[in-house]
Amino acid sequence: MPRLPRRAVLAGATALPLFAIRTRPAHAAEFTLKLANNSPVTHPQSVRQQEAADRIRKASGGRVDIQLFPNNQLGSDTDMLSQLRSGALDFFTLSGLILSTLVPAASINGIGFAFKDYDTVWKAMDGKLGAYVRGEIDKRGLTAMDKMWDNGFRQITSSTRPIKAPADLKGFKIRVPVSPLWTSMFQALGAAPVSINFSEVYSALQTKIAEGQENPLSLIQIAKLYEVQKYCSMTSHMWDGFWMLANKRGFASLPPDMQTLIATELNKSALQEREDIAKLNGSVTEDLKSKGLEFVEVDKPAFRDALKQAGFYAEWKKKYGDEAWGILESEVGTLS
């Protein structure tokens with residue numbers, strides 16, 4: 001029976017039930033790790049994560065086997081975040097806005113109408129704002145990789161009426177993820193937000209628990225939400241991305257060269273996934289139109305003014321604090 005290095009044995013003894021570290025037959029993986037996400041198997045996030053896992057297995061000579069569990073196979077976002085924190089799950093890609101239930105600063109990229117375009121997004125999230133958030137994540141026992149994965153600018157869909165201006169949202173039952181920022185923003189706009197995990201969105205729209213929802217175009221297409229929605233309002237009201245998270249203690253227990261390899265390949269796939277989403281955004285509109293979704297242009301400045309008048313920006317400036325808000329405004333301009 002092959003012997004593990006003393007460091008690995010000690011790590012396994014002190015970190016269980018974290019990363020699976022045990023003796024295996026010859027040619028079997030030394031480290032078997034679980035990576036989960038909430039995206040369909042055909043989504044660029046899932047595709048690129050599987051490619052990263054394959055490259056890591058090959059480059060490590062088979063020592064590291066990362067097993068991918070896409071499409072909420074291991075539970076809801078909140079379930080998987082709990083699994084990640086306990087060590088039952090090793091890696092998990094999660095929206096910063098949902099992560100904010102644990103790391104409040106993680107939702108700052110989702111401030112309504114803050115980012116005007118992708119250049120602004122990546123300058124901030126690959127720069128000072130992203131570094132600040134990663135530091136806050138680290139304080140909560142998790143490790144975030146350097147590069148975020150793109151989930152896209154979010155648009156509002158509806159089965160009952162087109163949303164063109166803030167007044168159209170009055171009393172509108174809209175599904176939002178389980179995150180205080182989403183609830184706060186749509187309440188400020190006069191809507192009636194309902195927090196529902198993504199795995200339940202289609203059925204909630206189908207049964208009219210919610211009249212509408214908001215997601216990037218690529219996800220509206222892949223999850224076939226056009227089957228239960230009629231209108232798509234091009235609000236681009238917030239940008240959302242996924243942090244690639246690892247259990248901090250478990251990740252640190254891996255040999256340093258394996259940590260570097262894993263981080264390098266996951267970050268590489270994140271950049272590739274960004275390009276995939278950009279290409280999808282260029283073609284998905286026409287595809288959704290052909291499937292019957294009616295696109296609606298909106299008055300974006302009116303929405304931003306409504307948020308300001310409702311005190312939304314001032315409220316969240318207080319919640320994030322002067323340091324975080326100052327970094328955000330240095331990237332996107334004055335909001336409050």
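Every number here is computed from the coordinates shown, using simple stated rules; none is lab data. Since we're looking at a predicted model, the values are computed, not measured. We place every Cβ from the backbone using ideal geometry, glycine too, and count neighbours over all the protein chains shown.
Of the residues T183, L293, F91, the one whose Cα sits farthest toward the positive end of the charge dipole of the chain, with +1 on the Cβ of Lys and Arg and -1 on the Cβ of Asp and Glu, is F91. Its relative contact order, with pairs defined as Cα atoms under 8 Å and 6+ residues apart, puts the chain at 23 percent.
Count Lys and Arg as plus one, Asp and Glu as minus one, and take only other residues whose Cβ is under 15 Å from that of V47; the net charge is then -2. Per-residue Cβ neighbour counts within 10 Å put V296, V194 in the sequence V194, V296, beginning with the fewest. Restricting the range 170-275 to trypsin sites (Lys or Arg not before Pro) that sit in a DSSP loop and have at most 14 other Cβ atoms within 10 Å of their own Cβ leaves K170, K208, K224.
So, R0 is 56 Å and r is the distance between the beta-carbons of K164 and S86; what FRET efficiency does that work out to, to 0.05? Write out the running numbers ahead of the final one.
Details: r = 45 Å, r/R0 = 0.81.
Rounded to the nearest 0.05, the efficiency is 0.80.
Using the rule -39500 (n - 2.57) for each DSSP H run of four or more residues, divided by the residues of the chain, the 222 nm mean residue ellipticity is -13500 deg cm²/dmol.
Taking the beta-carbon count within 10 Å as an exposure proxy, list V176, V47 from fewest neighbours to most.
Details: V176 22, V47 18.
Ordered by Cβ neighbours within 10 Å, fewest first: V47, V176.
Charge tally around V176: other residues with Cβ under 14 Å, Lys/Arg +1 each, Asp/Glu -1 each, net -2.
Maximal additional length on extending the E200-D54 stretch stands at 49.5 nm, based on 0.36 nm per residue less the C-alpha distance. Applying the criteria of a DSSP loop state and at most 16 other Cβ atoms within 10 Å to the trypsin sites (Lys or Arg not before Pro) of the range 37-130 yields K116.
Starting from the Cα gyration tensor of the range 151-217, take the square roots of the eigenvalues, sort them a ≥ b ≥ c, and report rounded, prolate or oblate (rounded when a/c is under 1.5, otherwise prolate if a/b is larger than b/c, else oblate).
On the way: a/c = 1.33, a/b = 1.16, b/c = 1.14.
Note, shape of the range 151-217 comes out rounded.
Can you give the FRET efficiency for A28 and Q272, using 1/(1 + (r/R0)^6), R0 = 25 Å, r = Cβ-Cβ distance, to the nearest 0.05?
Working: r = 29 Å, r/R0 = 1.15.
Step by step, r from the Cβ atoms, then E = 0.30.
Taken about its Cα centre, the range 38-88 carries a charge dipole of roughly 260 debye when the Cβ of each Lys and Arg holds +1 and the Cβ of each Asp and Glu holds -1.
Modelled spin-label separation between F295 and K128, with each label point placed 7 Å from Cα along the Cα-to-Cβ direction: 3.6 nm. Each Lys and Arg adds +1 at its Cβ and each Asp and Glu adds -1 at its Cβ; summed about the Cα centre, the range 193-289 shows a dipole of about 160 debye.
Here the range 166-230 is treated with +1 on each Lys and Arg Cβ and -1 on each Asp and Glu Cβ, and its dipole about the Cα centre works out to around 100 debye.
By the scheme Lys and Arg +1, Asp and Glu -1, what is the net charge of all other residues having a beta-carbon under 13 Å from that of I98? Walk me through the intermediate numbers first.
Details: positive: none; negative: D77, D79, D240.
Charge balance in the 13 Å sphere: -3.
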